[in-house]
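J.: Sharing a structure below in structure tokens format, with a few things to ask.
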Amino acid sequence: LCILSRIFNTFVSPLCCFQVLIPLLRSCSSEDKDDAAAIFVPSCTSSGGFQEVQCQSGECWCVNPHGQEVSGSRAVGRRPRCPSHCERERAMALKVKSNMAAGAEIHIPACSEDGDFLPLQCVGSRCFCVDAEGNTMTVGPVGGAITCVSAVC
């Protein structure tokens, strides 16, 4: 049967979008038109990855690089706001920290309301400046003051 997991719109392995799409289109070409409307066909990037936002029947959702739906991202009639790079890094760091020994320090990225990396990041009493992608630019002394210059576009 051609219909993928219509409820969750997920793929069980981290395949590139084209690797999913081409066999799907081949196997679906013989299905009747009534079934074709229920078939989820992923949107791919030109490089063969999954588009960040997938849509079907007026409903859209965010997906990770493996094409798996980001929980809580579904939106009807509008484009969802997908987690930014900073927000994804923060969520991953919080998950790692929850499994660490008490008192252990790990960098938990600080993100703006828009999901961008804040220019000033800290781990304990050591702070540093980052660029828009979260790459360290300047490291300050332990407990010392540091001023980060944010790029204004």
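J.: Name the residue, out of E69, E113, that is of a type in the set (D, E) and loosely packed, with under 11 Cβ neighbours inside 10 Å.
T.: Numbers: E69 fails: loosely packed, with under 11 Cβ neighbours inside 10 Å.
Just a single option satisfies the conditions, and that option is E113.
J.: Look through segment 54-108, keep the residues that are outside any loop (DSSP other than H, G, I, E, B) and among the aliphatic types (A, V, I, L, M), and return whichever of them is nearest to the chain's Cα centre (by Cα). Spell out the reasoning first.
T.: Step one: of segment 54-108, the residues outside any loop (DSSP other than H, G, I, E, B) are 54-56, 59-63, 69, 75-76, 85-98.
Now drop any that are not among the aliphatic types (A, V, I, L, M), which leaves 63, 75-76, 91-94, 96.
Details: V63: 7, A75: 16, V76: 19, A91: 10, M92: 11, A93: 14, L94: 15, V96: 17 Å.
Going through the qualifying residues, I end up with V63.
J.: When you go through (1) closer than 18 Å to R88 by Cβ; (2) modelled with pLDDT under 95 one by one for G143, which number turns out not to apply?
T.: Unmet condition: (1).
J.: Does at least one position in segment 98-119 carry a residue that is under 30 Å from C17 (Cα atoms), touching a residue at least 12 places away in the same chain (Cβ under 8 Å) and of a type in the set (D, E, K, R)?
T.: At the first step, the residues of segment 98-119 found to be under 30 Å from C17 (Cα atoms) are 109, 111, 114-117.
Still in the running and touching a residue at least 12 places away in the same chain (Cβ under 8 Å): 109, 111, 114-117.
Still in the running and of a type in the set (D, E, K, R): 114, 116.
Within segment 98-119, one or more residues are under 30 Å from C17 (Cα atoms), touching a residue at least 12 places away in the same chain (Cβ under 8 Å) and of a type in the set (D, E, K, R).
J.: Taking the condition of being surrounded by 11 or more Cβ atoms within 10 Å (Cβ to Cβ) and either of a type in the set (A, V, I, L, M) or closer than 17 Å to T138 by Cα (or both), how many residues in segment 101-110 meet it?
T.: Start the filter on segment 101-110 by keeping residues that are surrounded by 11 or more Cβ atoms within 10 Å (Cβ to Cβ), which leaves 105-110.
So of that shortlist, the ones also either of a type in the set (A, V, I, L, M) or closer than 17 Å to T138 by Cα (or both) come out as 106-110.
Count: 5.
For every residue, the table says whether it meets (1) in contact (Cβ under 8 Å) with a residue 12 or more places away in the chain; (2) in contact with a Ser or Thr (Cβ under 6 Å, 6 or more places away or on another chain); (3) farther than 30 Å from P119 by Cα.
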| residue | (1), (2), (3) |
| --- | --- |
| Q56 | yes, no, yes |
| W61 | yes, yes, no |
| P65 | yes, no, no |
| Q68 | yes, yes, yes |
| A75 | yes, no, yes |
| R78 | yes, no, yes |
| P83 | yes, no, no |
| A93 | yes, no, no |
| V96 | no, no, no |
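J.: Quick check: anything in segment 76-84 at pLDDT 90 or above, touching a strand residue (DSSP E or B) at 6+ places or on another chain (Cβ under 9 Å), under 30 Å from I39 (Cβ atoms) and among the polar types (S, T, N, Q)?
T.: Residues of segment 76-84 that are at pLDDT 90 or above, as a first pass: 76-84.
Next, only the ones that are touching a strand residue (DSSP E or B) at 6+ places or on another chain (Cβ under 9 Å) stay: 76-84.
Now restrict to residues that are under 30 Å from I39 (Cβ atoms): 76-83.
Within this subset, residues satisfying the condition of being among the polar types (S, T, N, Q) are none.
No - not one qualifying residue is present in segment 76-84.
J.: Answer with yes or no whether G77 is loosely packed, with under 15 Cβ neighbours inside 10 Å, touching a Gly at 6+ places or on another chain (Cβ under 7 Å) and under 23 Å from F50 (Cα atoms). Quick ask: steps written out before the conclusion?
T.: On the way: loosely packed, with under 15 Cβ neighbours inside 10 Å: yes; touching a Gly at 6+ places or on another chain (Cβ under 7 Å): yes; under 23 Å from F50 (Cα atoms): yes.
It is true that G77 is loosely packed, with under 15 Cβ neighbours inside 10 Å, touching a Gly at 6+ places or on another chain (Cβ under 7 Å) and under 23 Å from F50 (Cα atoms).
The values are calculated or read from the model by the stated rules, or taken from the named source; none is laboratory data. None of the values given here were measured: they were computed from a predicted structure. With ideal geometry, Cβ positions are generated from the backbone for all residues, glycine too; neighbour counts draw on all protein chains shown.
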